[in-house]
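*Asks:* Quick one: the structure is below, questions incoming.
The values are calculated or read from the model by the stated rules, or taken from the named source; none is laboratory data. Keep in mind that this is a model prediction, so the values were computed, not measured. Cβ: placed from backbone, ideal geometry, glycine included. Neighbour counts: every protein chain shown. Just so you know, the surface numbers come from the protein's heavy atoms only, side chains and all, with ligands and any DNA or RNA stripped out. Shrake-Rupley method; radii C 1.70, N 1.55, O 1.52, S 1.80 Å.
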Amino acid sequence: MSKETHSAPGLWKTFLASTVVLALGLLLLLQATAQGNAFTTETLRRTEVVNNPSLVPELAVYDADGNQSTLRQVLAQGDKVWLVDFVYTRCQTLCITLGTVFQQLQREIQLRGLEDKVGLLSVSFDPAHDTPNALGMYRDRMRMDPDIWRILSLSSPQDRRQLLDAFGIIVIPAPLGEFEHNAALHLVSQEGRLFRIIDYNDAKFALGTALAYSP
C-alpha cells in the first residue's frame, strides 16, 4: 500500500478538525459582535442598548445651585425623554462641540415648543473640580434654559466608574489635568432606561428619535 493511501485518513482528520475550529471561531465571533452587526466596542455597546435598554444607576448628584438628588430622580422629572451628554467644565475641545450641539438642540426645542417632551442633561464626570460654582459658570456660559437644559455632577467621586460604565463612556487622563473621552448623545426614557446612543453630529435624528419615544 502506498504512502499516499496511508496518509489520506490523517489528512481527512486534520481537515475535519480545522473545519470544527473554524466553525467554533465563527460562532464566537457572531456572539461577540451581536450576530455580526457590531465590530467595534462602541457599535457593540449601541447594539446592546437598542436590544436591551438598561436602567440608569441610582447615583447621588448635585446641580449648579447645590441641590442634592439622584440621577434617576432628575431623569424622572417632567415625564419626558432626555438627551444626555458627558462633559467636564474645564474642557476646551470636545466638550465645547457638545455644548454647541446642545445649544442648537435647545434652540430647536424652544422654537417648536417641545419643552414638555424632550430635555437636555449634561453630566460632569469630574466631580473633584466641578463644584456647584463651576457648574453654575458653565451653565451661564452655555446660556442654559433651566426648563430645557440642566447640568449635574456626582456627589461622590467613587461613583464615577459606575456612571461611566452604565453609559459606555471611556475617560483617559491627559496632560495638565485634562481628559480624553468619547462622546455621543444618550437617550433615556421617562422610566430612566438608556435605550439609544446616537452620534453627536446627528442631533436632528437624535431629537426625532426622542420625540418618537415621548408621551
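*Asks:* Please verify whether Gln77 is open to solvent by 10 Å² or more (accessible area, probe 1.4 Å), polar (S, T, N, Q) and either in a loop (DSSP other than H, G, I, E, B) or at pLDDT 90 or above (or both), treating the condition exactly as stated.
*Replies:* No, not satisfied.
*Asks:* Let me ask another. Restricting the stretch 154-188 to residues that are in contact with a helix residue (DSSP H, G or I) (Cβ under 6 Å, 6 or more places away or on another chain) and not hydrophobic (A, V, I, L, M, F, W, C), which is farthest from Ala134 (Cα to Cα)?
*Replies:* Looking at residues that are in contact with a helix residue (DSSP H, G or I) (Cβ under 6 Å, 6 or more places away or on another chain) and not hydrophobic (A, V, I, L, M, F, W, C), I get Gly168.
*Asks:* Something else about it: Wholly within the stretch 122-215, which strands (runs of 3 or more DSSP E) include no fewer than the required count, namely at least 1 residues that are within 18 Å of Leu75 (Cβ to Cβ)?
*Replies:* 149-154, 185-188, 193-198
*Asks:* Also, I was wondering about something else. Pull up the stretch 89-114, narrow it to residues that are in contact with a Ser or Thr (Cβ under 9 Å, 6 or more places away or on another chain) and farther than 14 Å from Arg143 by Cβ, then point me to the one that is surrounded by the most Cβ atoms within 10 Å (Cβ to Cβ). Break it down stepwise before answering.
*Replies:* Step one: filter the stretch 89-114 for residues in contact with a Ser or Thr (Cβ under 9 Å, 6 or more places away or on another chain), giving 89, 95, 98-99, 102, 114.
Still in the list and also farther than 14 Å from Arg143 by Cβ: 89, 95, 98, 114.
Details: Thr89: 23, Cys95: 21, Leu98: 20, Leu114: 18.
Looking at the filtered set, the residue picked out is Thr89.
Yes/no per residue for (1) modelled with pLDDT of 95 or more; (2) of a type in the set (A, V, I, L, M):
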position: Thr97; (1), (2): no, no
position: Leu114; (1), (2): yes, yes
position: Ser122; (1), (2): yes, no
position: Phe125; (1), (2): no, no
position: Ala134; (1), (2): yes, yes
position: Arg139; (1), (2): yes, no
position: Gln158; (1), (2): no, no
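*Asks:* Considering each residue of the stretch 58-74, count those that are open to solvent by less than 10 Å² (accessible area, probe 1.4 Å) and assigned to a helix (DSSP H, G or I), and give that number. Show your work before the answer.
*Replies:* In the first step, residues of the stretch 58-74 are kept if they are open to solvent by less than 10 Å² (accessible area, probe 1.4 Å); the result is 59, 61, 71, 74.
Filter once more, so that each one left must be assigned to a helix (DSSP H, G or I): 71, 74.
Of the residues in the stretch 58-74, 2 are open to solvent by less than 10 Å² (accessible area, probe 1.4 Å) and assigned to a helix (DSSP H, G or I).
*Asks:* Being of a type in the set (A, V, I, L, M), surrounded by fewer than 16 Cβ atoms within 10 Å (Cβ to Cβ) and in contact with a strand residue (DSSP E or B) (Cβ under 9 Å, 6 or more places away or on another chain) is the filter here, so list the residues in the stretch 165-208 that pass it.
*Replies:* Within the stretch 165-208, Ile170, Ile172, Ala174 qualify.
*Asks:* Scan the stretch 136-164 for residues that are among the hydroxyl-bearing types (Ser, Thr, Tyr) and open to solvent by 30 Å² or more (accessible area, probe 1.4 Å) and jot them down.
*Replies:* Ser155, Ser156
*Asks:* Let me ask you something else. Which residue is farthest from Gly66 (Cα to Cα), if the candidates are limited to the stretch 84-129 and must be of a type in the set (Asp, Glu) and within 20 Å of the chain's Cα centre (by Cα)?
*Replies:* The extreme case among them is Asp85.
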